[in-house]
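The values are calculated or read from the model by the stated rules, or taken from the named source; none is laboratory data. None of these values were measured; they are calculated from a predicted model. All Cβ positions, even for glycine, are placed from backbone atoms using ideal geometry, and neighbour counts span all protein chains on display. Accessible surface is based on the protein model in full, side chains and every heavy atom, while ligands, DNA and RNA are left aside. Shrake-Rupley method; radii C 1.70, N 1.55, O 1.52, S 1.80 Å.
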Amino acid sequence: MRIDPNGPGDTPEVQQMVVIHKALRRQFALMPDQVLAVADGDRTRAALVADHARSQLLFLHAHHHSEDEVLWPLLVRRTPLERDLIQEMETQHGAVDAGITKLTPLIAAWADRADRATAVEIAAELTALTDHLVAHLDAEEAKIFPLVLEHLSVAEWESVVEEGPRQMPSSPRIGMVTIGVVLDAASPAEAAWFHDNLPAKAKIAWRLLGRSYYRRYSAKLTTAG
Ligand SMILES: [Fe+2]
């Protein structure tokens, strides 16, 4: 299934990756305020928000890792003259990875202590990481997608899109949260495509438990303070 059934079936549908980018853009824009809204010493709420931040860092890492593993090598082979552009993408991934590396221990410490100073530090790091991320996603959509359209087959593109979920940890809970954040940011046609492409087991889990779990999870997360 494709998002746009009327689109050219013999060309990669790059909008499929935009669906993931939209979820990342939305969640990373929300997180600094979610962290700052936790009252000093509220360990229950800090644990919840920290847990969400960790799941989104894993989601981001998995997405980038799938590009590092599958997309860049394919493009380097097909378009050797674009090596500098691929290098630019790798450098941008490196900046995002550095942010993830800084944030991981800070989030772990804050989940325990819920102290204000660490919350402020995390919010600043998340904001810096989000700036790098948004610049990278913009550049990828503007400069890499045209190369994908020109040089990759539909099957090759699908191998890129399918690699992301493979890079995620095998935690049913994180799986359900990831499905939820993607569907939250997607248009109806994008949501229908994403849901249709889920493995059969994940579809059943989402229908039976995931959807209601994510609704409660998301409501708790957006309740200020
Ligand atoms: Fe991407």
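Taking the average, over residues, of other Cβ atoms within 10 Å as the packing measure, peptides 50-56, 211-217 rank 50-56, 211-217 from highest down. Specify whether the C-alpha gyration tensor of region 126-181 places it in the rounded, prolate or oblate class, a ≥ b ≥ c being the square roots of the eigenvalues: rounded for a/c under 1.5, otherwise prolate if a/b is larger than b/c and oblate if not. Cα axes put region 126-181 in the oblate bin.
Taking max minus min of the alpha-carbon positions on each principal axis, region 151-200 gives extents of 36, 27, 19 Å, largest first. One decimal place: the segment ALA219-ALA192 gains 7.5 nm when fully extended, by the rule 0.36 nm per residue minus the C-alpha distance.
Seen through its C-alpha gyration tensor, with square-root eigenvalues sorted a ≥ b ≥ c, the chain comes out oblate because a/c lies at 1.5 or above while a/b is not bigger than b/c.
The residues of region 84-216 have, on average, 50 Å² of accessible surface per residue, using a 1.4 Å probe with all protein chains present.
Normalised per residue, the accessible area of region 1-76 is 39 Å², obtained with a 1.4 Å probe and no contribution from ligands, DNA or RNA.
Of all aspartates and glutamates in the structure, those lying under 16 Å Cα to Cα from LYS22, and not within fewer than 8 positions of it along the same chain, are GLU13, ASP131, ASP138, GLU140, GLU141, ASP184, GLU190. With a simple spin-label model that places each label point 7 Å from the Cα along the Cα-to-Cβ direction, the separation between LEU149 and LYS201 comes to 3.7 nm. Membrane-span-like helices in the chain, defined purely by DSSP H runs whose alpha carbon atoms cover 27 Å or more axially and whose average Kyte-Doolittle hydropathy reaches 0.0, are 15-36, 116-139.
Each of the peptides 21-27, 83-89, 108-114 was scored by the mean count of other Cβ atoms within 10 Å over its residues; in descending order, highest first, they stand as 21-27, 108-114, 83-89. On a per residue basis, the convex hull of the C-alpha atoms belonging to region 78-190 measures out at 145 Å³. For the chain, the Cβ-based charge dipole about the Cα centre amounts to some 1200 debye (Lys, Arg positive; Asp, Glu negative; other atoms uncharged). Across the options ALA39, GLY175, LEU126, the greatest Cα extent toward the positive end of the charge dipole of the chain (unit charges at beta carbon of Lys, Arg, Asp, Glu) belongs to ALA39. Each Lys and Arg contributes +1 and each Asp and Glu -1, all at the Cβ; summed about the Cα centre of region 52-142, the dipole is approximately 280 debye.
Taking a ≥ b ≥ c as the square roots of the eigenvalues of the Cα gyration tensor of region 1-132, is the shape rounded (a/c under 1.5), prolate (a/b larger than b/c) or oblate? Because a/c hits 1.5 or more and a/b exceeds b/c, region 1-132 counts as prolate.
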